[in-house]
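Novice: Just dropping this structure here.
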Amino acid sequence: MTKRDPEALLPLTPAMFHVLVALADGEIHGYAIMKDVEQLTGGAVRLSTGTLYGIIKRLLDDGLIRESPVTSKDDERRRSYALTAFGRDVARAEAARLEHTLALARKKALFRHS
């Protein structure tokens with residue numbers, strides 16, 4: 001099996017990147033992802049349920065996240081998600097891409113004090 005290149009999926013949409021970042025500390029369910037993204041962005045990004053589950057579907061299809069098995073009868077409707085190793089690699093590659101882009105921008109007059 002050939003190893004997939006994380007950079008082949010870049011650039012990610014900001015919302016997709018935020019979802020991957022929300023999953024970086026471990027497995028969580030959809031509502032917790034929405035709340036974590038909102039908190040991490042200081043409320044600047046608020047994902048609707050439809051947007052979140054569209055992103056989750058794409059991330060599952062691309063192999064960036066996995067759905068965790070339901071562990072109890074109480075959680076039958078609540079699905080939890082976790083990063084795959086490839087998903088973590090893609091998130092890191094996107095973070096590096098964003099850092100590089102910002103470093104280039106900082107070299108320009110936009111960031112120089114006048």
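Novice: Scanning for something open to solvent by 30 Å² or more (accessible area, probe 1.4 Å) and in contact (Cβ under 8 Å) with a residue 24 or more places away in the chain, does segment 99-107 turn up at least one residue?
Specialist: The answer is no; no qualifying residue exists.
Novice: Here are the criteria: (1) without any contact (Cβ under 8 Å) to a residue 60 or more places away in the chain; (2) open to solvent by 40 Å² or more (accessible area, probe 1.4 Å); (3) assigned to a loop (DSSP other than H, G, I, E, B). Tell me which single one HIS18 does not satisfy.
Specialist: (3)
Novice: Starting from segment 74-86, take each residue that is modelled with pLDDT under 70 and list its partners that are open to solvent by less than 50 Å² (accessible area, probe 1.4 Å) and not charged (D, E, K, R), counting only C-beta distances under 9 angstrom and pairs at least six apart or across chains.
Specialist: That search, which allows pairs on different chains as well, returns ASP75/HIS29.
Novice: Whether any residue in segment 25-36 is exposed (fewer than 13 other Cβ atoms within 10 Å of the Cβ), assigned to a loop (DSSP other than H, G, I, E, B) and in contact (Cβ under 8 Å) with a residue 24 or more places away in the chain is what I want to check.
Specialist: To start, the set of residues in segment 25-36 that are exposed (fewer than 13 other Cβ atoms within 10 Å of the Cβ) comprises 25-26, 31.
Those left that are additionally assigned to a loop (DSSP other than H, G, I, E, B): 25-26.
From what is left, the residues that are in contact (Cβ under 8 Å) with a residue 24 or more places away in the chain are 26.
Yes, that holds for at least one residue.
Novice: Would you mind telling me which numbered condition in (1) without any contact (Cβ under 8 Å) to a residue 12 or more places away in the chain; (2) assigned to a loop (DSSP other than H, G, I, E, B); (3) open to solvent by less than 60 Å² (accessible area, probe 1.4 Å) LEU47 fails?
Specialist: (1)
Novice: Consider segment 1-15. How many of its residues are closer than 21 Å to GLY54 by Cβ, surrounded by 14 or more Cβ atoms within 10 Å (Cβ to Cβ) and over 9 Å from the mean Cα position of the chain (by Cα)?
Specialist: 2
The values are calculated or read from the model by the stated rules, or taken from the named source; none is laboratory data. On a predicted model such as this, the values are computed, not experimentally measured, just so you know. All Cβ positions, even for glycine, are placed from backbone atoms using ideal geometry, and neighbour counts span all protein chains on display. Heavy atoms of the whole protein, side chains included, go into the accessibility calculation; ligands, DNA and RNA do not. Shrake-Rupley method; radii C 1.70, N 1.55, O 1.52, S 1.80 Å.
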